[in-house]
Amino acid sequence: VFDKNYHFISSFGDGLSFPLGFDIENDKMYVTNTYESRIDVFSLEGKKVFSFGSRGRGEGQFRYASDIAVDDKHVYVIDTDNNRIQVFTH
């Protein structure tokens, strides 16, 4: 985390394994925890709020989630090795 003058403030995300994508919506940061095949959600202060997903091929499961986009209604996850984009509601 950096301030508006690009001075380092802090870092967070212990437990993330190859985080490739993130997006921010409603004061939450959604991060692809790619090698763990899940999405980790943090407060903007860096506190982990919750996670979802697991490794697999079924609905709600990922094989290397690589990017994410979030809007006010949906969460879109690029599920790389399953060759799909999964769509979730909040």
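Points to keep in mind about this one:
- Around the amide H of residue 62, modelled in the peptide plane, lie the amide H atoms of 54, 55, 56, all under 5 Å away and 5 or more residues distant in sequence or on another chain.
- Measuring r between the beta carbons of residue 74 and residue 45 and using R0 = 30 Å, the FRET efficiency lands at 0.75.
- Inverse mean reciprocal Cα-Cα distance (Kirkwood Rh) of the chain, Å: 13.4
- Subtracting the Cα-Cα distance of residue 2 and residue 89 from their residue separation scaled by 0.36 nm leaves 28.3 nm.
- Trypsin sites (Lys or Arg not before Pro) within the stretch 1-51, DSSP loop, no more than 15 other Cβ atoms inside 10 Å: 4, 47
- In the stretch 3-64, the GluC sites (Glu not before Pro) that fall in loop regions by DSSP, at most 13 other Cβ within 10 Å: 45, 59
- Whichever lysines have a C-alpha closer than 16 Å to that of residue 28, once near sequence neighbours (fewer than 8 apart) are set aside: 47, 48, 73
- Karplus 3J(HN,Hα) series, Hz, for the stretch 22-38 with 6.51 cos²θ - 1.76 cosθ + 1.60 (x for Gly, Pro): 8, 8, 10, 8, 6, 6, 10, 9, 9, 10, 6, 9, 3, 6, 8, 6, 8
- Potential lengthening of the chain between residue 57 and residue 27 amounts to 7.8 nm, from the contour at 0.36 nm per residue minus the alpha-carbon distance.
- Leading residue at positive end of dipole, the chain (Cβ point charges), from 8, 20, 43: 20
- Accessible-area value, residue 87, 1.4 Å probe, nucleic acids and ligands omitted, Å²: 80
The values are calculated or read from the model by the stated rules, or taken from the named source; none is laboratory data. Note that the structure is a prediction, hence the values are computed from the model and not measured. Note that we place each Cβ from the backbone using ideal geometry, even for glycine, and neighbour counts take in every protein chain shown. These area figures cover heavy atoms from the full protein model, side chains too; ligands, DNA and RNA do not enter into them. Shrake-Rupley method; radii C 1.70, N 1.55, O 1.52, S 1.80 Å.
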